[in-house]
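What follows is a set of notes on a single structure, which appears directly below.
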Amino acid sequence: MTEKMYTYVIIGAGLAGVSAAKGIRDVDDKGSILLIGNEKEMPYDRPPLSKKLWFGKKTVEEIFLHDRAFYDSNKVELSLGVAAIDLNVSKKIVKTDKSGNISYSKLLLATGGTPRVLDIPGGTLPEICYYRTLDDYKSIRGLASEGKKAVIIGGGFIGSEIAAALNVNKVDVTMIFPEDYLVQRIFPADLGNAIQKHYAGRGINILNRDLPVSFEKKAGKILTRTKNGNELESDIVIAGIGIVPAVDLAKKAGLRTDNGIVVDEYLKTSDKDIYSAGDNTSFISAATGDRTRVEHWDNSIAQGTAAGKNMAGERVKYDTIPYFFSDLFEFGYEAAGDINSQHETVADWKKEYDTGVVYYLKDDAVRGIMLCNVWEKIDEARELIRGGKKIKPEQLKGAIAF
Ligand SMILES: Cc1cc2nc3c(=O)[nH]c(=O)nc-3n(C[C@H](O)[C@H](O)[C@H](O)COP(=O)(O)OP(=O)(O)OC[C@H]3O[C@@H](n4cnc5c(N)ncnc54)[C@H](O)[C@@H]3O)c2cc1C
């Protein structure tokens, strides 16, 4: 079978894939680029799906990463609604489901991740929304009118954000999650409990230390049963319980994988012509020196850009300390480094649990920093983390002025 040939093939038309196409064009304005994505829409930004789209701050048209003219003028061929289904690394060929075989000189895997699914009775009912895509937003938006009931499974980023979004849209929200308090993985207990109290004050019903055990369709509604014996009927069920990195193609092709596709400091996989970037990628963290994988917007842009440049012949080391951001009602924050509630934390509040800086320490050094309603300080935070110098907790008050 004849195959189409491209200098650069990118699998995954998300943030990392699109950033890589730009990165390639920064270095090489001639080589042909094919961007393959299995979603139908033009590549879009995911954070607004649980924030700005719900607060009337963005329209769907405004979340696309670029318009068609951008891809045309940069000679980036888009192949949307098409999945890569096999990879032959010795022949350098990608097999797709609808566009035949494609050969490459350099390949990027920017396949992101897929939502983790609850392994309980009813967990795969089509009514249970594992929230990640623009299609998910559109389907929930259609259901989320005033007075409707929603059950949200998961108290992490996605669960907490979508709960706030629906509450603002006058939907009656119940959250179910096994942890003691909201976003427990990163918030110190006092902060997490304060935010949880705020959620309850807004009318959100919080069932912490609980788990769903089954879903059932009942007279046009969904019945959720929980471990603690709660039974909730709702119009909407959304689960945000994490993602599984999309590594199957890489694994089947014999590339090294662990909790993601393993790359070196240049984002190169165990095959010299294949790179990986974004949520699916296992890399060495500049913040900790440990191998890690993160699921953040900034990381996908920075890794995608660096991988694209390297595919086109540059030698850019990926040593960014990525940051992430979230908005939970009025509590907005940006955070960089190793934000882990198991670490020692030191909080420097101007207004308690609202405006301030939380430092995360391990081995007497600052490993992560959360800036709560404090803006434009992320580079200072990165510098403090990157330095890695020994510091005493009492020296941290005012370390970042705000
Ligand atoms: C609702 C929501 C809110 C978020 N909010 C924030 C936030 O506030 N702050 C923050 O830092 N991060 C946030 N994130 C995370 C951030 O959006 C992700 O880290 C980022 O989108 C990852 O980009 P990516 O390109 O690596 O992966 P993805 O966005 O997952 O893109 C990968 C693409 O590849 C496609 N694909 C996979 N396999 C194949 C294949 N075999 N063939 C073809 N195509 C394939 C996928 O369908 C997908 O379109 C949020 C995520 C969600 C879902």
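The values are calculated or read from the model by the stated rules, or taken from the named source; none is laboratory data. Keep in mind that what you see is a predicted model, and the values were worked out from it rather than measured. Every residue, glycine as well, gets a Cβ built from its backbone with ideal geometry; the counts of neighbours run over all protein chains shown.
Okay, here's what the table says:
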{"item": "Test: residue in segment 59-70 that is in contact with a strand residue (DSSP E or B) (Cβ under 7 Å, 6 or more places away or on another chain), over 30 Å from Gly156 (Cα atoms), more than 13 Å from the ligand (Cβ to nearest atom) and at pLDDT 95 or above", "result": "no"}
{"item": "First in segment 297-320 and under 14 Å from Leu109 (Cα atoms), second anywhere and among the aliphatic types (A, V, I, L, M) and surrounded by fewer than 24 Cβ atoms within 10 Å (Cβ to Cβ), Cβ under 7 Å, 6 or more apart", "result": "Ala306/Val316; Asn310/Val316"}
{"item": "Within segment 308-320, tally of residues that are farther than 24 Å from Glu383 by Cβ, outside any loop (DSSP other than H, G, I, E, B) and away from the ligand (no atom under 13 Å from the Cβ)", "result": "2"}
{"item": "Selection count, segment 383-395, where residues are under 16 Å from Ala336 (Cβ atoms) and either in a helix (DSSP H, G or I) or not assigned by TED's automatic domain parsing to the domain that holds Ala365 (or both)", "result": "5"}
{"item": "Ala21 being within 14 Å of the ligand (Cβ to nearest atom), among the hydrophobic types (A, V, I, L, M, F, W, C) and assigned to a loop (DSSP other than H, G, I, E, B)", "result": "no"}
{"item": "Looking only at segment 99-119, and only at residues there that are buried (at least 16 other Cβ atoms within 10 Å of the Cβ) and not in a strand (DSSP E or B), the one that is farthest from the ligand (Cβ to nearest atom)", "result": "Leu118"}
{"item": "Some residue of segment 264-277 being more than 30 Å from Val171 (Cβ to Cβ) and of a type in the set (Phe, Trp, Tyr)", "result": "yes"}
{"item": "Matching strands (runs of 3 or more DSSP E) fully within segment 321-368 where at least 2 residues are within 15 Å of the ligand (Cβ to nearest atom)", "result": "323-328, 331-337"}
{"item": "Qualifying positions in segment 174-201 - within 17 Å of Asn340 (Cα to Cα) and small (Gly, Ala, Ser)", "result": "Ala189, Gly192"}
{"item": "Segment 1-18, subset farther than 30 Å from Phe157 by Cα and assigned to a loop (DSSP other than H, G, I, E, B), residue farthest from the ligand (Cβ to nearest atom)", "result": "Thr2"}
{"item": "Condition check for Ile186: assigned to a helix (DSSP H, G or I), aliphatic (A, V, I, L, M) and within 16 Å of the ligand (Cβ to nearest atom)", "result": "no"}
{"item": "Residue identified as within 10 Å of the ligand (Cβ to nearest atom), modelled with pLDDT of 95 or more and β-branched (Val, Ile, Thr) among Thr281, Thr305", "result": "Thr281"}
{"item": "Scan of segment 24-42 for residues that are closer than 13 Å to Asn74 by Cβ and in a loop (DSSP other than H, G, I, E, B), ordered by number", "result": "Asp28, Asp29, Lys30, Gly31, Ser32"}
{"item": "Residues within segment 338-353 that are surrounded by 15 or more Cβ atoms within 10 Å (Cβ to Cβ) and more than 21 Å from the chain's Cα centre (by Cα), tallied", "result": "6"}
